[in-house]
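Each remark here refers to the structure printed beneath this line.
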Amino acid sequence: MVRSAAGYGISANFRLNHFITPPRHMRKTYPLAALAGLLLIVFIVLTSGDYKGRYDGGYKDMVDELYSQAVKQNENLETIEDDIEKFYKKKSEALEKYNSYTAYNNRYYTDARANAASIADTATRQKAYALITKVENRYKAKTAGWQATIASLNKNEKELKDLHTLLKIVVTEPLMEKYQNNNLPESGKANEANSDLQQLIQKIKAITQ
């Protein structure tokens, strides 16, 4: 059975006021709720657009990217890149043979010393060690020229890398400046957003003061 408000001794006007005007113990919570809502709006305004400019495909070096584009449009740069590629290929082939050669020799001398260490007689063991050292020194003398070549190669390669990096920056800097000059966005929307934000701040101050 549904009873009317009058049946409970409650006037319709009281019921209406009860829903429009909350009890005293609830009135204090409304400013806090309003403040929380406004802070949420401010947070959304400040963070909106943060994810639009993010690159989901992983990091890519902009200098390398722009330089690659420039190489495709410049024959001189193409020639330089081809020469660099040829150098590394030639170096790899040369060092592959040398490393195989030295690895084979080093393996022999390591095993030779292990064999010499197994000799029980001291004098015989020392004689074996002396022979190994003698022939190993002759081997090192044969590769002395190689050692000097490798040292020079490494030094020049380091200089090449430095100059190559500098070249990339020299070539790509004008491209970035051109992009900056042609694509600078208008600041009207940013100024409008800043004005809206200031209004929000004033609203928050009015509630919190």
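Out of curiosity, is Tyr67 among the aromatic types (Phe, Trp, Tyr), outside any loop (DSSP other than H, G, I, E, B) and modelled with pLDDT of 50 or more? The answer is yes for Tyr67. Of everything in the stretch 85-129 that's out of contact with any helix residue (DSSP H, G or I) (no Cβ under 7 Å at 6 or more places or on another chain) and of a type in the set (Val, Ile, Thr), which residue is nearest to Lys140 (Cα to Cα)? That would be Thr102. When Glu192, Glu136 are checked against the criterion of being assigned to a helix (DSSP H, G or I), more than 27 Å from the chain's Cα centre (by Cα) and loosely packed, with under 12 Cβ neighbours inside 10 Å, Glu192 stands alone in meeting it. Of all residues in the stretch 139-165, those satisfying the criterion of being farther than 30 Å from Asp82 by Cβ and either among the charged types (D, E, K, R) or surrounded by fewer than 10 Cβ atoms within 10 Å (Cβ to Cβ) (or both) are Lys140, Ala141, Lys142, Ala144.
May I ask you to verify whether Asn99 is at pLDDT 55 or above, surrounded by 10 or more Cβ atoms within 10 Å (Cβ to Cβ) and polar (S, T, N, Q)? When the stated conditions are applied, Asn99 passes them. Is there any pair with a first residue in the stretch 75-94 that is without any contact (Cβ under 8 Å) to a residue 24 or more places away in the chain and a second that is of a type outside the set (Ser, Thr, Tyr) whose Cβ atoms are under 6 Å apart and which are 6 or more apart or on different chains, and what are they? If the second residue must be of a type outside the set (Ser, Thr, Tyr), the pairs left are Glu78/Val71; Glu81/Val71. Among the conditions (1) of a type in the set (A, V, I, L, M); (2) under 30 Å from Gln69 (Cα atoms); (3) without any contact (Cβ under 8 Å) to a residue 24 or more places away in the chain, the only one that Leu131 does not satisfy is (2).
Whenever a residue of the stretch 174-192 is within 15 Å of Gln69 (Cβ to Cβ) and touching a residue at least 40 places away in the same chain (Cβ under 8 Å), its partners that are small (Gly, Ala, Ser) and surrounded by 10 or more Cβ atoms within 10 Å (Cβ to Cβ), lying with C-beta atoms within less than 9 angstrom and at least six residues away or across chains, give the pairs Leu175/Ala70. Within the stretch 149-172, does at least one residue satisfy the condition of being at negative phi, in contact (Cβ under 8 Å) with a residue 12 or more places away in the chain and among the small types (Gly, Ala, Ser)? No, the stretch 149-172 contains no residue that is at negative phi, in contact (Cβ under 8 Å) with a residue 12 or more places away in the chain and among the small types (Gly, Ala, Ser). Scanning the stretch 100-132 for residues that are more than 30 Å from Trp146 (Cβ to Cβ), of a type in the set (Gly, Ala, Ser) and assigned to a helix (DSSP H, G or I) returns a single hit, Ala123. Taking Leu200, is it in a helix (DSSP H, G or I), touching a residue at least 12 places away in the same chain (Cβ under 8 Å) and under 23 Å from the mean Cα position of the chain (by Cα)? No: the conditions fail for Leu200.
Scanning the stretch 172-189 for residues that are among the acidic types (Asp, Glu) and part of a helix (DSSP H, G or I), we see that the one that is surrounded by the most Cβ atoms within 10 Å (Cβ to Cβ) is Glu173.
The values are calculated or read from the model by the stated rules, or taken from the named source; none is laboratory data. This one's a predicted model, so the numbers in the text were calculated from it and none came from an experiment. With ideal geometry, Cβ positions are generated from the backbone for all residues, glycine too; neighbour counts draw on all protein chains shown.
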